[in-house]
1. Roughly speaking, what is the stretch gain from residue 64 to residue 98, that is 0.36 nm per residue apart minus the C-alpha to C-alpha distance, in nm to one decimal?
2. Go ahead and set up a Gaussian network model of the chain, Cα springs under 10 Å, then flag whichever of 102, 94, 81 fluctuates most.
3. If you look for lysine pairs in the chain that are eight or more places apart or on different chains, how many of them have Cα atoms under 28 Å apart?
4. Treating the beta-carbon of each Lys and Arg as +1 and of each Asp and Glu as -1, no other charges, what is the dipole magnitude of the chain about its Cα centre, to the nearest 20 debye?
5. Run the simple label-point estimate for residue 123 and residue 145 please: 7 Å along Cα→C-beta, distance reported in nm.
6. Can you give me the long-range amide H partners of residue 143? Hydrogens built in the peptide plane at 1.01 Å from N, cutoff under 5 Å, separation of 5 or more residues or another chain.
7. Which of (i) 62, 41, 36; (ii) 59, 28, 24; (iii) 69, 25, 25 is the computed Cα extents along the principal axes in Å for the structure on display?
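Rule-based calculations on the coordinates, nothing more; no lab input. Only a predicted model underlies this, so the values are computations on that prediction, with no experimental measurement involved. Don't worry about glycine lacking a Cβ; one is built from the backbone with ideal geometry, like all the others, and counts go over all protein chains shown.
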Amino acid sequence: MKHLVAILLTLCLTAQADPAQRAQEAAVADVATTVMGLSLGAAEANPLGLTLIPLKLVALDYAAGLPDGEKQTVQSAVGSFWLGAAANNICVIFSLLSGGTFAPLCAAAGVAVALQRWNAGADEREFWALCARERVKNPKMTCEFTA
């Protein structure tokens with residue numbers, strides 16, 4: 001339970017991090033909460049299960065190599081998806097610990113968290129897309145997003 005609380009606090013404290021860091025933390029949260037859930041007896045809903053860990057690393061590396069605008073959009077998308085998966089896992093863990101009474105609602109909770117994170121990043125994604133368009137005209141221009 002201490003590990004679960006640590007994951008939740010980390011995700012709350014780094015909400016203002018850049019898209020790359022948020023995506024990395026969401027990937028770690030998804031994997032960590034999946035392992036916790038499995039250790040408590042939850043069943044893995046994804047048939048590929050933990051074999052997807054290397055694909056997370058590939059996705060993060062691929063996104064990091066994209067130009068600004070595209071990079072932040074991909075990082076925001078995968079980060080939102082993985083954070084939603086972690087939220088689903090956290091809900092399942094709490095449901096297991098409380099007798100499994102609300103497990104059917106966990107998928108909806110995961111989708112809600114993923115959509116919230118995606119929507120929360122809209123201004124930043126728009127900023128980076130605008131910056132990328134402006135850099136075509138002025139390649140020396142630097143961009144820095146501040147919330």
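1. Working: separation 34, 0.36 × 34 = 12.24 nm, distance 4.00 nm.
Length gained, residue 64 through residue 98: 8.2 nm.
2. Ranking 102, 94, 81 by mean-square fluctuation puts 102 first.
3. On the way: 2/56; 56/71; 71/137; 71/140.
For the chain, the number of qualifying lysine pairs is 4.
4. Numbers: 10 positive and 12 negative charges, 11 e Å.
That gives a dipole near 60 debye.
5. Rounded to a tenth, the inter-label distance reads 1.1 nm.
6. none
7. Label of the calculated value: (ii).
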